[in-house]
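Inspection log for the structure reproduced underneath, given as structure tokens.
The values are calculated or read from the model by the stated rules, or taken from the named source; none is laboratory data. Every value quoted in this text rests on a predicted model; they were computed, and no experiment measured them. Here the Cβ positions follow ideal geometry from the backbone for every residue, glycine too, while neighbour counts run over all protein chains shown.
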Amino acid sequence: MKERYESPIITKNISGFSNKFGMSSKLDILDNIDGVRVEKLLSEYGSPLFVFSEKTIRKRFQRYLNAFKRYYPKTHFAWSYKTNYLQAIASIYHSEGSIAEVVSDFEYEKAKKLGVDPKDIIYNGPFKKEDSLRKALRDGSKVHVDHFDELSTIEKLADELNIKPKIAIRINMDTGIAPQWSRFGFNYDNGEAERVIKRIHRNGKLILNGLHTHIGTFVLSPDAYKNALAKLINLYNLAQEKYDFKIEYLDLGGGFPSKNRLKAQYLPSAIAIPSIEQYAEKITDYLLDNFSVEDGPDLYFETGRALIDEAGYLLSTVHATKRMPDTRRAVIIDAGVNLLFTSFFYDIKILATKSYHGTMENSIIYGPLCMNIDVIRESIQLPYLTPGDNLVLHPVGAYGVTQWMQFIQMRPAVVLITENKKVLKIRRAENIDDVENPEILPEQYALVEEI
């Protein structure tokens, strides 16, 4: 076959040297996931394809839980459904002892359908409809109040249901990091948090038994959690001593980072991101300075990203390559930002499935969408790739299968590799019926008669 002609360009290459970050520019190879070959997965289930590792999920969950329980046994994790709500994935976390954390009625119903006791569902979020709140209060779920309007609705429902439900309140605060997450909950620093506790006590319709904060996402400072805990404990003491509430638990939310690389991150993740043991030591040290294990409150976390990101892979295939006006090579793959919203703020790692010869060159990776923003990596050193070559994007376990969308391309299949290396399909690839079934075509607009 005649090789394709390409106009020559001049590129400076210094063999054997590392780049300005002190890192090699070689392309890492990943030809299998947990012993199952990437080529075999793509052949059987199509491309693109999401793959999850059960072994990684369980191993990482056990490490995170043990990091805290070794110091503070009254620690619990609630699986964050918005991070990944596939039934098979959520079920693995529940089998490991995790309860559920949801932010919508849709997620609440998913958790109940999986057999989660409603009392083991934490209901967060700024938008809980009245019918959904009624159901959660009647079920005895852990409802976390986000604002005064929601509090008024809950008080009304308590009268309607003739109950005095237990509730928690969400608190936002300055913990020394930026940006400060001030959209959700009641502010600690301006006294709003105490005012809501005072109102709950005065009205006497509800029982305050929990305090919750979620200080941000991809939080790189263990000290920020210590600062948040200090303020929660001040509120804990205030609620108990001044307003006679028995606070049964503190919830520090989530926000722990995965090993992904932020676009603005200078150092590699192995250096820039603290270990979970560092977070656990900082948090539990401060907790044990204020409570004994026996008398202290339960401690909850709603970790999602840090638990699932490393367990997820997206397998893709090169469709075409072309040369850009600035001399960079463009690589077009079959997985776009409709599947990977996180590529807007991560430089997701790209791995090859085989070795390549020749020099590496600066390249840009595009997805298949007819949109200029469909960029998976803006700049990466790649060898010469040809149509049909495979690339693995990793880690992509968090938010991919909850934020994905049917835009230009339909959503692909998802498989799970079990601990004994069996491959299970946990979501089939979509077809045109999945897109059109909810539609209604009025008869006068039908151009083709039904047969």
Per-region count, region 33-49, residues surrounded by 14 or more Cβ atoms within 10 Å (Cβ to Cβ), among the small types (Gly, Ala, Ser) and at positive phi: 1
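Yes/no matrix, rows are residues, columns are (1) without any contact (Cβ under 8 Å) to a residue 60 or more places away in the chain; (2) closer than 18 Å to THR317 by Cβ; (3) in contact with a strand residue (DSSP E or B) (Cβ under 6 Å, 6 or more places away or on another chain); (4) buried (at least 19 other Cβ atoms within 10 Å of the Cβ):
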| position | (1), (2), (3), (4) |
| --- | --- |
| HIS357 | yes, no, no, no |
| SER363 | yes, yes, yes, yes |
| TYR366 | yes, yes, yes, yes |
| LEU369 | yes, yes, no, no |
| LEU382 | no, yes, yes, yes |
| LEU385 | no, yes, yes, yes |
| GLY388 | no, yes, no, no |
| LEU391 | no, yes, yes, yes |
| HIS394 | no, yes, yes, yes |
Strands (runs of 3 or more DSSP E) wholly inside region 263-372 containing at least 1 residues that are within 19 Å of the chain's Cα centre (by Cα): 298-301, 312-323, 349-352
Of residues in region 93-117 being charged (D, E, K, R) and more than 14 Å from SER141 (Cβ to Cβ), the one surrounded by the fewest Cβ atoms within 10 Å (Cβ to Cβ): LYS113
Cβ pairs under 9 Å, 6+ apart, first in region 120-145 and over 17 Å from LEU206 (Cβ atoms) and of a type in the set (A, V, I, L, M, F, W, C), second at pLDDT 95 or above and part of a loop (DSSP other than H, G, I, E, B): ILE121/SER141; PHE127/VAL103; PHE127/SER104; PHE127/ASP146
Residues that are farther than 19 Å from HIS394 by Cα and either hydroxyl-bearing (Ser, Thr, Tyr) or outside the structural domain of LEU393 (by TED's automatic domain parsing) (or both), drawn from region 304-344: THR321, THR327
Neighbours by Cβ (under 9 Å, 6+ apart or cross-chain): first from region 425-450, in contact (Cβ under 8 Å) with a residue 60 or more places away in the chain; second assigned to a helix (DSSP H, G or I) and of a type outside the set (A, V, I, L, M): LYS425/TYR45; ILE426/GLN87; ARG427/GLN87; ALA429/TYR45
Only one of VAL143, VAL116 that is at pLDDT 95 or above, part of a loop (DSSP other than H, G, I, E, B) and among the β-branched types (Val, Ile, Thr): VAL116
Matching residues in region 50-73 - criterion: being crowded, with 19+ Cβ neighbours inside 10 Å and over 18 Å from LEU288 (Cβ atoms): PHE50, VAL51, PHE52, SER53, GLU54, THR56, ILE57, ARG60, PHE61, TYR64
Residues satisfying the stated conditions in region 407-422, i.e. free of Cβ contacts under 8 Å to residues at least 40 places away in the same chain and under 14 Å from GLU436 (Cα atoms): MET410
Any hit, region 150-163, residues being crowded, with 18+ Cβ neighbours inside 10 Å, in contact (Cβ under 8 Å) with a residue 12 or more places away in the chain, on the phi < 0 side of the Ramachandran plot and not in a helix (DSSP H, G or I): no
